[in-house]
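Below is one structure, written out as structure tokens; comments come after it.
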Amino acid sequence: MLQYPKFDPVALQIGPLAIHWYGLMYLVGFALVYLLGRRRITSGHTTSLNVRDLEDLIFYSVLGVVLGGRLGYVLFYKPSYYLSHPVEVLYLWQGGMSFHGGLIGVILVMLLFARKKKLPFFAVSDFIAPLIPLGLGFGRLGNFINGELWGRPTDVPWAMVFPDSGDGLPRHPSQLYELGLEGIVLFLLLWWFSSKPRPLGQVSALFLMGYGTFRFLVEFTREPDNFLGLLAGGLSMGQWLSLPMVALGAIMFSVTAKRSSR
């Protein structure tokens with residue numbers, strides 16, 4: 001059993017201004033998206049987008065992540081609470097973000113961007129998809145530094161005691177599992193797959209299948225939200241939200257493969 005290394009959530013304090021590690025991880029994530037995207041553009045990987053397009057996409061995607069993530073959390077996880085306390089929807093500092101809501105926000109941003117530029121939607125999403133996982137990975141690292149979203153009790157040798165859990169039980173460091181699978185492994189898979197010409201939409205389909213599958217599996221080790229617990233079939237909300245991603249990705253992959261073979 002390992003003891004969780006208690007981190008100070010504040011990375012830097014300048015007078016009344018506190019810079020938190022969690023926020024820095026998001027900044028690092030978006031910076032990586034920019035650097036990797038710029039590399040692909042300058043290397044001629046895509047002729048549909050230029051660096052200015054990438055900058056615009058990242059800017060509006062930040063808004064999509066924040067607004068979509070917050071609204072997704074409100075609608076998917078605590079609709080009745082926020083219906084009774086509507087003003088608290090704006091209390092972002094209290095936490096509460098949903099990846100699946102953030103993804104919907106980014107998809108809407110890409111739809112509007114593709115329409116404005118008169119590009120196929122999948123030309124945009126196939127370019128962006130391989131850039132996302134490392135950003136997600138740094139977000140999970142931020143969760144670990146914050147000591148939040150810990151795993152379920154376990155007796156594996158690498159189990160950790162998270163002080164904020166309040167029970168002193170050794171638990172899965174599920175944030176690190178997500179960092180490894182949804183971040184590093186998914187990035188390597190998508191980067192390799194997208195390095196060669198693929199039918200339009202297949203890279204996006206692989207992202208949906210890959211993230212949905214990894215998230216579904218890791219959720220078996222992650223402590224369910226205490227206000228929700230496990231839902232139908234003994235699955236968590238995260239698992240139920242991931243299943244449609246896997247199904248949609250599989251359908252997209254199959255359809256695009258058949259189109260390319262004609």
- Message: Using Cα-Cα distances under 8 Å and only pairs 6 or more residues apart, what relative contact order does region 164-262 have, in percent?
- Response: 34
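What size of dipole, in debye to the nearest 20, comes out for the chain about its Cα centre when the only charges are +1 on Lys and Arg C-beta atoms and -1 on Asp and Glu C-beta atoms?
On the way: 21 positive and 15 negative charges, 276 e Å.
With Lys and Arg at +1 and Asp and Glu at -1, about 1320 debye.
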- Which value results when the Cα radius of gyration for the chain is divided by 2.2 N^0.38 Å? 1.05
- Item | Charge-dipole axis of the chain as Lys and Arg at +1 and Asp and Glu at -1 on Cβ define it, positive-most pick from Ala129, Pro244, Phe162 | Ala129
- Item | Centre separation in Å (Cα based) which lies between region 203-255 and region 8-36 | 28
- On full extension of the chain, what length is gained from Leu12 through Asp164, given 0.36 nm per residue of separation minus the C-alpha to C-alpha distance? 52.5 nm
- Item | Mean accessible surface per residue for region 62-142, computed with a 1.4 Å probe while every protein chain stays in place, in Å² | 51
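Sorted by average packing, counted as other Cβ atoms within 10 angstrom per residue and highest first, what order do 245-255, 65-75 take?
Numbers: 245-255: 16.4, 65-75: 19.4.
Highest to lowest by the protection proxy: 65-75, 245-255.
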- Item | Hits among lysines - C-alpha to C-alpha of Lys258 under 21 Å, sequence gap 8 or more where chains match | Lys196
- Note on the structure: The answer for the per residue Cα convex hull volume of region 18-160, in Å³, is 150
- Non-local amide H neighbours of Ala11 (under 5 Å, H modeled in plane, Pro and chain starts lacking H): which ones? Ile19, His20, Trp21
- Given N residues in region 111-262, what is Rg(Cα) / (2.2 N^0.38 Å)? 1.20
- Note on the structure: Once normalised by the length of region 46-192, the mean sequence separation of its alpha carbon contacts under 8 Å that are 6 or more apart gives a contact order in percent of 20
- If we sort 123-133, 12-22, 100-110 on the protection proxy, mean other Cβ atoms within 10 Å, highest first, what's the order? 123-133, 100-110, 12-22
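Please report, as a whole percent, how much of the solvent-accessible surface of the chain comes from carbon and sulfur atoms (probe radius 1.4 Å).
So the carbon and sulfur contribution to the accessible surface is 69 percent.
Tell me, what is the percent relative contact order of the chain, built from C-alpha pairs under 8 Å that lie six or more residues apart?
Values: 368 pairs, mean separation 51.1, N = 262.
Reported as a whole number, the value is 20 percent.
To the nearest 500 deg cm²/dmol, what mean residue ellipticity at 222 nm is calculated for the chain from DSSP H runs of n ≥ 4 alone, each contributing -39,500 (n - 2.57), summed and divided by the residues?
Values: 10 runs with 151 residues, N = 262.
The helix contribution divided over the chain gives -19000 deg cm²/dmol.
May I ask you to compute the full-extension gain from Leu217 to Glu88, defined as 0.36 nm times their residue separation minus their alpha-carbon distance, rounded to one decimal in nm? Please list the in-between numbers first.
Details: separation 129, 0.36 × 129 = 46.44 nm, distance 3.19 nm.
Net length gain for the segment: 43.3 nm.
The values are calculated or read from the model by the stated rules, or taken from the named source; none is laboratory data. No experiment lies behind these values; they were computed from the predicted model shown. Don't worry about glycine lacking a Cβ; one is built from the backbone with ideal geometry, like all the others, and counts go over all protein chains shown. Note: accessible area is taken over every heavy atom of the protein model, side chains too, but ligands, DNA and RNA are not part of it. Shrake-Rupley method; radii C 1.70, N 1.55, O 1.52, S 1.80 Å.
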